[in-house]
Amino acid sequence: MIQITENQSEIVARARLIMTPNYRPQPVVFVHGEGPYLYDKDGKKYLDFSAGIAVSCLGHGHPVLTNAIAEQAKSLLHVSNLYFNQAQIDCAEALLDASFAKRVFFCNSGAEANEAGMKMARRYMRLVRKVDRFKFICTINSFHGRTWAAISATGQSHYQEGFGPLVPGFVHVPYGDAAAIEAAIDDETCAVLVEPIQGEGGLIVPDVSYLKALREICDRKGVLLMFDEVQTGVGRTGKLWAYEHSGITPDLMSIAKGLAGGVPIGALLCTEEVAKGFAPGAHASTFGGNPLACRAASTVLRVIRQEGLVEHVARVGLHLKEQINALSSRVPGCTGARGLGLLAGLGVDPKIIDRTAVIDRARELGLLLTQAGPDALRLTPPFIVGRHHIDVAVDLLERALKGEGQT
Ligand SMILES: Cc1ncc(COP(=O)(O)O)c(C=O)c1O
């Protein structure tokens with residue numbers, strides 16, 4: 001039952017009794033957002049450099065997005081994939097126009113998009129090429145989501161603890177090492193699956209030659225190349241898709257996170273050829289391609305284009321990187337800027353800097369941020385931030401690093 005008069009700590013206490021214990025939420029209840037700011041139940045204002053873990057790309061309450069969602073909700077919320085709906089087709093066309101892909105499958109999250117891609121790749125090999133190629137070459141430190149196949153693809157053992165046996169057929173090699181991928185490929189290999197930049201793994205940007213080399217190796221060996229752009233996609237790195245930095249294209253690509261600006265959605269994009277891996281009944285999602293999510297996604301893509309937000313991300317991302325590097329040189333234990341565009345981070349030595357304490361202190365000071373990998377603080381603001389927001393955020397982060405803010 002909702003109790004209007006409850007304060008924030010009472011709500012937190014209530015939540016702790018009833019939710020499954022798989023999250024570690026910070027003791028704050030957000031009730032409202034505007035642009036790059038969030039407001040909690042006690043009326044406190046925060047600069048949101050988390051953006052719901054790299055999701056809310058247009059910020060909070062963007063009028064064009066909220067109007068489109070409201071209009072769509074009034075006219076049609078859901079019909080399933082037993083029928084067509086125009087919002088889905090419009091969104092699919094917008095995605096295909098803006099990418100390498102010729103076909104799209106909609107789902108509800110990043111993990112599901114990866115699941116769809118891996119299923120498509122295996123089925124394509126077995127039923128179209130008629131070869132028994134089922135293995136995926138993935139990378140150490142990668143993150144691909146929490147379904148069983150996604151944790152099997154993920155190259156970090158703590159996500160797998162207690163869940164074995166995992167899905168068979170996944171091989172892990174060091175990230176950024178094309179020769180290691182080539183050496184791992186055998187005649188049972190179906191696809192290479194990599195993030196163009198490792199996000200959860202610690203904002204690791206490989207050399208530009210890496211993805212190019214993977215394309216060449218996959219072509220030569222008859223293996224598919226799949227990019228997980230769940231975190232890097234939809235403009236976050238200063239290109240609409242991170243693969244554009246490398247000048248090559250994948251065969252399959254999973255996207256989610258920012259795609260619908262905060263409405264749950266995932267999508268698998270692929271070539272005409274690989275799409276032959278699916279046939280009616282091969283894969284499905286009740287909510288996938290839902291009119292509400294698709295209308296939100298087409299609106300996000302249109303706003304990003306009309307407002308020049310990809311170019312803006314590239315510009316302010318450079319400014320953020322400069323400011324983080326300057327901060328890093330002033331604070332002991334910091335190891336420099338990470339990431340690309342607004343998928344940014346500050347490397348820290350975890351023996352010197354307690355990241356959880358810094359995040360708590362930053363929140364007390366009015367800044368939201370996250371962590372990534374074993375040794376980075378992550379800053380993934382909405383694309384609408386300006387230089388002044390960045391300067392304020394970096395100043396608050398520096399104060400938190402230096403011990404200001406109560407924990
Ligand atoms: C690269 C990557 N892939 C997949 C996922 C999983 O996405 P979701 O949580 O929407 O399932 C994430 C989430 O952080 C991600 O960063």
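Some observations on this one:
- In sequence order, segment 178-185 has phi-based couplings of 5, 5, 5, 5, 4, 5, 7, 6 Hz under the Karplus curve 6.51 cos²θ - 1.76 cosθ + 1.60, θ = phi - 60°, and Gly or Pro positions carry x.
- For THR66 and HIS78, the difference between the fully extended length at 0.36 nm per residue and the C-alpha to C-alpha distance is 2.5 nm.
- Nearest 10 degrees, 0 to 90: helix 291-306 Cα axis against the chain principal axis: 80
- Backbone amide hydrogens, once placed in the peptide plane, bring HIS32 within less than 5 Å of TYR39, excluding anything fewer than 5 places away on its chain.
- Ordering of 342-348, 134-140 by packing [mean C-beta count within 10 Å, highest first]: 342-348, 134-140
- Hull-based mean projected area of segment 76-306, where the convex hull spans the alpha carbons, in square nanometres: 12.0
- Listed peptides 123-131, 349-357 appear in the order 123-131, 349-357 once ranked by packing, highest mean of other Cβ atoms within 10 Å at the front.
- Across segment 1-104, Cα-Cα pairs farther apart than 17 Å form 71% of the total.
- Applying a 4.7 Å Cβ-Cβ cutoff to the chain leaves CYS57, CYS107, CYS138, CYS190, CYS218, CYS270, CYS334 as cysteine residues with no disulfide-compatible partner.
- Paramagnetic label zone (point 7 Å from Cα along Cα-to-C-beta, PHE163; backbone N under 17 Å) in segment 102-134: 108-119
- A straight Cα-to-Cα reach below 18 Å connects LYS257 with the lysines LYS239, residues fewer than 8 places away in its own chain not being considered.
- For ALA376, the amide hydrogen comes within under 5 Å of the amide hydrogens of VAL348, counting only partners 5 or more places away or on other chains and with H modelled in the peptide plane.
- Applying 0.36 nm per residue to the separation of ARG399 and ALA326 and subtracting their alpha-carbon distance, the gain on full extension is 24.9 nm.
- Helix-only CD estimate at 222 nm, as mean residue ellipticity for the chain, using -39500 (n - 2.57) per DSSP H run (n ≥ 4): -11000 deg cm²/dmol
- Near VAL263, no amide H atom lies under 5 Å from its own; only residues 5 or more places off or on other chains count, and H is placed 1.01 Å from N.
- Cα lying deepest toward the dipole's positive end in the chain, options GLY201, MET19, LEU401, charges on Cβ: MET19
- Restricting the calculation to Cα atoms, every distinct pair contributes to the Kirkwood radius of the chain, found to be 22.0 Å.
- For q = 0.09, 0.15, 0.20, 0.21 Å⁻¹, Debye-computed log10 I/I(0) when each Cα of segment 289-407 counts as one equal scatterer: -0.28, -0.68, -1.01, -1.08
- Selected from GLU364, GLU188, GLU161 as most flexible by GNM, with the chain as the system and alpha-carbon contacts under 10 Å: GLU161
Here, each number is a calculation from the coordinates, and none is a lab measurement. Small disclaimer: the values here were computed from a predicted structure and weren't measured. All Cβ positions, glycine included, derive from the backbone under ideal geometry; neighbour counts span all protein chains shown.
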